[in-house]
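The values are calculated or read from the model by the stated rules, or taken from the named source; none is laboratory data. None of the values given here were measured: they were computed from a predicted structure. Reconstructed Cβ throughout: ideal geometry from the backbone, glycine too, with neighbour counts over all protein chains shown.
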Amino acid sequence: MNLKLKNIKSETLSSSNVHEIILEVNHLKKSFRDQEVLKDISFKLFEGENLVILGKSGSGKSVLVKCIVGLLKSDSGAISIFGKKSSSLNAKEFNELRQKIGFLFQSGALYDSMTVKENLEFPLRRMIKKLTENEISDKVNEVLENVGLKDALYKMPAQLSGGMQKRISLARTIAVDPIIMLYDEPTTGLDPITSDEISTLINEIQKKYKTSSIIITHDIKCALKTANRIIMLKDGEVYYEANVADFVHSDDSFIKSFFN
Amino acid sequence: MIKKDSISKTEILSTSCKSEKININSTLIRTFLLDIAYVTLFLTKVLKTMFSSNFEFKEFLRQCYKIGYKSLPLLSVTGLILGLVLTIQSRPILIDFGAVSLLPSMVATSVIREMGPMITALICAGKIGSGMGAELGSMKVSEQIDAMEVSSTNPINFLVVTRVVAATLMIPLLVFYADAFSMLGSWLGSNIKGDISFVLFSSQAFSHITFLDFLPAIIKSFFFGSVIGLVGCYKGYNAGRGTASVGVAANSAVVVSSLLVIIVDLIAVQITDLIVL
Ligand SMILES: Nc1ncnc2c1ncn2[C@@H]1O[C@H](COP(=O)(O)OP(=O)(O)OP(=O)(O)O)[C@@H](O)[C@H]1O
Ligand SMILES: [Mg+2]
């Protein structure tokens, strides 16, 4: 276990001006009944970087990010966001903290009783309460343009293809200007071209909004395109941690199997 | 030898059946107790949220429209047929007793006291309960409820409280509406074989109706509404993972809320009986 775990210092990261720790996970454990999903997870997310978390299906990647945003409660371990331990915050403080985190759900999670426009307005109205109608509609148009779907404004989610839904969902997430982005499998179930577009979009969001992101995926292409640093999960633990170049040239058999 | 062997086998079989039965019983009791615990937790959560958070008025109105307005066609037809059938069925008997002039007031009493609220509640348990179970269930499965939570919106407040309050307020109104259509149906029924003007029919129908006929019916309708809303939301909100659980949620919402409506009715009738006498 943890044979190839490397201690990467921030200086070795590919984008040079990252240093501050934005998010830190320490010895996180989570089980469902007698199924131990996360055994001992620790890692750091630095300011401005794209951290890719790779792992097989069912290795607990979604559970990990859900613990980070507080949708699931971890059994033990600590999560610090902007230096504050999330377990020490009360509900109101945690809600304020959560507004700085954008979460792209694996399933998209668009509200299917609402139009695309209402979907995009929903977090805007609820998280930033003082916006005027004009500001809201400007913001909706801006994010829709960012994901290249300006015509979809009045459509229902059911009328959109899977890839379009993912992009609308992404638009909804970035609408509230999050500082940390958590992408849960942004490219799963999409064709290679659309996946590539989404990966490009993730990089553009990183540049444009200066976000620090955790990208959960088992799509190696997306990982290589977006990552500054890669973490590999196996059996509920961090199996490998490296920057992209080291990762590609690794001769570990488990990692190599991801490339085939 | 063979006999002995076979005996011991049946013995073993019967003992293993017994232990299995005990096992099944104990898991049944366990799940039943767990269910009660979960329901209590859910109820306290809903009540706490109801009194501590801002009321989502817009969503509440949307639900009123969905629960109230959208059920009108169904209840018109059901109410009309209920009155018609009651009248046609009772007419021959009343003629035998020479009491056909009591027909309107008999139908009115039974519709207002019992049939109207009961039929409305059962129909709404089917229509609204299953709708809530399926809608919230699919929102849960497709992570929409989680998405709401990360958008700083309390899903219990936004989804559950609005639906429960809307159902509680709309069902009594729907009961009135169905009652009116039943009386219309009854008048039509009286006119199939007889001839009675609407004015005469109404004055005969309401001559024996007092406020005490209405009051218990209205009060129990509020309870029917909240039971339907709570069960539908509970089943949907606590749907399992995977799409199959949406169907399960919708189905059990209907079954449980219909059953509870009947039980609440039984209790209400007993209480009314005690108080009015
Ligand atoms: N709410 C839950 N209740 C019970 N078990 C759960 C729950 N959420 C996840 N699990 C279990 O945890 C394990 C990890 O699930 P998770 O969804 O995190 O996998 P994943 O790594 O995201 O996989 P994928 O790549 O397929 O999305 C699975 O075995 C799953 O059954
Ligand atoms: Mg997942």
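Restricting attention to the stretch B:74-96, does a residue exist that is part of a loop (DSSP other than H, G, I, E, B) and at pLDDT 85 or above?
Let us first name the residues in the stretch B:74-96 that are part of a loop (DSSP other than H, G, I, E, B), namely none.
Within the stretch B:74-96, not a single residue is part of a loop (DSSP other than H, G, I, E, B) and at pLDDT 85 or above.
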Exercise. Considering the stretch A:186-208 alone, what residues qualify as being out of contact with any helix residue (DSSP H, G or I) (no Cβ under 8 Å at 6 or more places or on another chain) and in a loop (DSSP other than H, G, I, E, B)?
Worked result: A:188
Exercise. Looking at (1) away from ligand 1 (no atom under 16 Å from the Cβ); (2) in contact (Cβ under 8 Å) with a residue 40 or more places away in the chain; (3) farther than 25 Å from residue A:199 by Cα, which is the only condition residue A:91 fails?
Worked result: (2)
For this session: Considering each residue of the stretch A:122-162, count those that are away from chain B (no Cβ under 13 Å), buried (at least 17 other Cβ atoms within 10 Å of the Cβ) and either at pLDDT 90 or above or not in a loop (DSSP other than H, G, I, E, B) (or both), and give that number.
Result: 8
Problem set entry | Subset tally (residues that are of a type outside the set (S, T, N, Q), within 14 Å of another protein chain (Cβ to nearest Cβ) and either more than 18 Å from the chain's Cα centre (by Cα) or assigned to a strand (DSSP E or B) (or both)) for the stretch A:93-117 | 10
For this session: Would you please name the residue that is nearest to ligand 1 (Cβ to nearest atom), looking only at residues in the stretch A:163-178 that are within 14 Å of chain B (Cβ to nearest Cβ) and hydrophobic (A, V, I, L, M, F, W, C)?
Result: A:170
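Residues checked against (1) farther than 28 Å from residue A:169 by Cβ; (2) more than 14 Å from the chain's Cα centre (by Cα):
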site: A:216; (1), (2): no, no
site: A:224; (1), (2): no, yes
site: A:231; (1), (2): no, no
site: A:236; (1), (2): no, yes
site: A:242; (1), (2): yes, yes
site: A:254; (1), (2): yes, yes
For this session: Check residue A:22 against each of (1) within 14 Å of ligand 2 (Cβ to nearest atom); (2) of a type in the set (A, V, I, L, M); (3) away from chain B (no Cβ under 14 Å); (4) over 16 Å from residue A:233 (Cα atoms) and name the one condition it does not meet.
Result: (1)
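Answer with yes or no whether residue A:111 is on the phi < 0 side of the Ramachandran plot, away from ligand 2 (no atom under 16 Å from the Cβ) and in contact (Cβ under 8 Å) with a residue 12 or more places away in the chain.
Working: on the phi < 0 side of the Ramachandran plot: yes; away from ligand 2 (no atom under 16 Å from the Cβ): yes; in contact (Cβ under 8 Å) with a residue 12 or more places away in the chain: yes.
Taking the combined requirement at face value, the residue satisfies it.
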For this session: State whether the residues of the stretch A:29-40 include one that is within 27 Å of residue B:241 (Cβ to Cβ), buried (at least 18 other Cβ atoms within 10 Å of the Cβ) and away from ligand 2 (no atom under 16 Å from the Cβ).
Result: no
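If you go through the stretch A:30-44, how many residues are more than 11 Å from residue A:64 (Cβ to Cβ) and in a strand (DSSP E or B)?
Taking the stretch A:30-44 and keeping what is more than 11 Å from residue A:64 (Cβ to Cβ), we get A:31-36, A:39-40, A:42, A:44.
Of the ones still in play, those that are also in a strand (DSSP E or B) are A:31-32, A:35-36, A:39-40, A:42, A:44.
Summing the residues that are more than 11 Å from residue A:64 (Cβ to Cβ) and in a strand (DSSP E or B) in the stretch A:30-44 gives 8.
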For this session: Within the stretch A:62-92, count every residue that is closer than 20 Å to residue A:104 by Cβ and either assigned to a strand (DSSP E or B) or within 16 Å of ligand 2 (Cβ to nearest atom) (or both).
Result: 12
Exercise. Of all residues in the stretch A:56-82, which are under 19 Å from residue A:218 (Cα atoms) and hydroxyl-bearing (Ser, Thr, Tyr)?
Worked result: A:57, A:59, A:62
Exercise. Any idea which residue in the stretch B:52-73 is surrounded by the most Cβ atoms within 10 Å (Cβ to Cβ), counting only those that are part of a helix (DSSP H, G or I) and hydrophobic (A, V, I, L, M, F, W, C)?
Worked result: B:67
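Looking at this structure, is residue B:140 in contact (Cβ under 8 Å) with a residue 24 or more places away in the chain and more than 14 Å from chain A (Cβ to nearest Cβ)?
no
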Exercise. How many residues are under 13 Å from residue A:146 (Cβ atoms), hydrophobic (A, V, I, L, M, F, W, C) and at pLDDT below 90 when one looks only at the stretch A:181-204?
Worked result: 2
For this session: Take residue A:221 and decide whether it is among the charged types (D, E, K, R), outside any loop (DSSP other than H, G, I, E, B) and within 16 Å of ligand 1 (Cβ to nearest atom).
Result: yes
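May I ask you to say which residue of A:211, A:217 is within 16 Å of ligand 2 (Cβ to nearest atom) and touching a helix residue (DSSP H, G or I) at 6+ places or on another chain (Cβ under 8 Å)? First the steps, then the outcome.
Values: A:211 fails: within 16 Å of ligand 2 (Cβ to nearest atom).
Only one candidate qualifies: A:217.
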Seminar exercise, completed: Listed by first then second residue, the pairs whose first member lies in the stretch A:59-84 and is touching a residue at least 24 places away in the same chain (Cβ under 8 Å), whose partner is small (Gly, Ala, Ser) and part of a strand (DSSP E or B), with beta carbons under 9 Å and at least 6 positions apart or on separate chains, are A:67/A:77; A:75/A:31; A:77/A:42
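Please note which helices (runs of 4 or more DSSP H) are completely contained in the stretch B:144-237 and include at least 2 residues that are farther than 30 Å from residue B:275 by Cβ and within 14 Å of chain A (Cβ to nearest Cβ). Write out each step before concluding.
Values: elements: B:144-150, B:162-193, B:198-206, B:211-237.
The qualifying helices (runs of 4 or more DSSP H) are B:144-150, B:162-193.
Taking the condition of being within 15 Å of the chain's Cα centre (by Cα) and within 16 Å of ligand 2 (Cβ to nearest atom), how many residues in the stretch A:148-172 meet it? Explain how you work it out, then say what you get.
Restricting attention to the stretch A:148-172, the residues satisfying the condition of being within 15 Å of the chain's Cα centre (by Cα) are A:166-167, A:169-172.
Of the ones still in play, those that are also within 16 Å of ligand 2 (Cβ to nearest atom) are A:166, A:169.
The qualifying residues number 2.
I need a count of the residues in the stretch B:114-149 that are farther than 30 Å from residue A:182 by Cβ and among the charged types (D, E, K, R).
Count: 2.
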Exercise. Can you tell which of A:195, A:213 is more than 14 Å from every other protein chain (Cβ to nearest Cβ), away from ligand 1 (no atom under 16 Å from the Cβ) and buried (at least 20 other Cβ atoms within 10 Å of the Cβ)?
Worked result: A:213
